[in-house]
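The values are calculated or read from the model by the stated rules, or taken from the named source; none is laboratory data. Because the structure is a prediction, the values reported are computed rather than measured. Cβ sites come from the backbone with ideal geometry, for glycine too, and all protein chains shown count toward neighbours.
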Amino acid sequence: MARTPFRVEVLTPEGSTFDDEVEMISTRTTTGSIGVLARHQPLLGMLEPTELRLYRSESEVVSYAQGEGYIQVSPDGVLVLVEEAHPPDELDVADLREKLRKAEDAMAAAEPNSEGRRRAATDKRRWETFLRIAEGSS
């Protein structure tokens, strides 16, 4: 069944990663997974690292490894503002494993309840998620 298309833009600090019409978007907020269709109620949410899925149709899906950020749903469409958004086939598994190892080392070296430990934990979650996405696309 065809759905009504709506505009989605994915922005990172480097610029626009995606700007086109889709029938549905699937991502993860801090409170759980969310799917957005056309005419969704306005929403502002914080995003967690996950696989961002942009459904152009039921059979055509554009995916990204999505970092932390925000989603804004408005009558004009959806804006996804994230630290990073990478196509899964562009992720380097060896590089992600090294980043994960460094984040784990930083967590172990940081003081409990410190900002350094929180940053390292955030990095660890991101690299674990990106690694799962990269290994799933192989």
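A few points about this structure:
- Within the stretch 25-60, tally of residues that are assigned to a loop (DSSP other than H, G, I, E, B) and either over 20 Å from Asp123 (Cα atoms) or within 11 Å of the chain's Cα centre (by Cα) (or both): 13
Each row is one residue, and each column tells you yes or no for (1) touching a Leu at 6+ places or on another chain (Cβ under 8 Å); (2) aliphatic (A, V, I, L, M); (3) crowded, with 16+ Cβ neighbours inside 10 Å.
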{"site": "Pro13", "(1), (2), (3)": "no, no, no"}
{"site": "Arg28", "(1), (2), (3)": "yes, no, yes"}
{"site": "Ser33", "(1), (2), (3)": "no, no, no"}
{"site": "His40", "(1), (2), (3)": "no, no, yes"}
{"site": "Gly45", "(1), (2), (3)": "no, no, yes"}
{"site": "Ser59", "(1), (2), (3)": "no, no, no"}
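- For the residues Val82, Val62, Val78, the requirement of being at pLDDT 95 or above, out of contact with any Lys or Arg (no Cβ under 8 Å at 6 or more places or on another chain) and closer than 16 Å to Asp19 by Cβ singles out Val82.
- Within the stretch 106-127, being without any contact (Cβ under 8 Å) to a residue 60 or more places away in the chain and closer than 30 Å to Ser63 by Cβ holds for Ala106, Met107, Arg118, Arg119, Ala120, Ala121, Thr122, Asp123, Lys124, Trp127.
- Checking Ala103, Ala65 one by one, the residue that is assigned to a strand (DSSP E or B), within 16 Å of Arg132 (Cβ to Cβ) and of a type outside the set (Ser, Thr, Tyr) is Ala65 and no other.
- Residue list for the stretch 9-24, restricted to those being without any contact (Cβ under 8 Å) to a residue 40 or more places away in the chain and outside any strand (DSSP E or B): Glu14, Glu23
- Filter result for Asp105 (acidic (Asp, Glu) and not assigned by TED's automatic domain parsing to the domain that holds Ile25): yes
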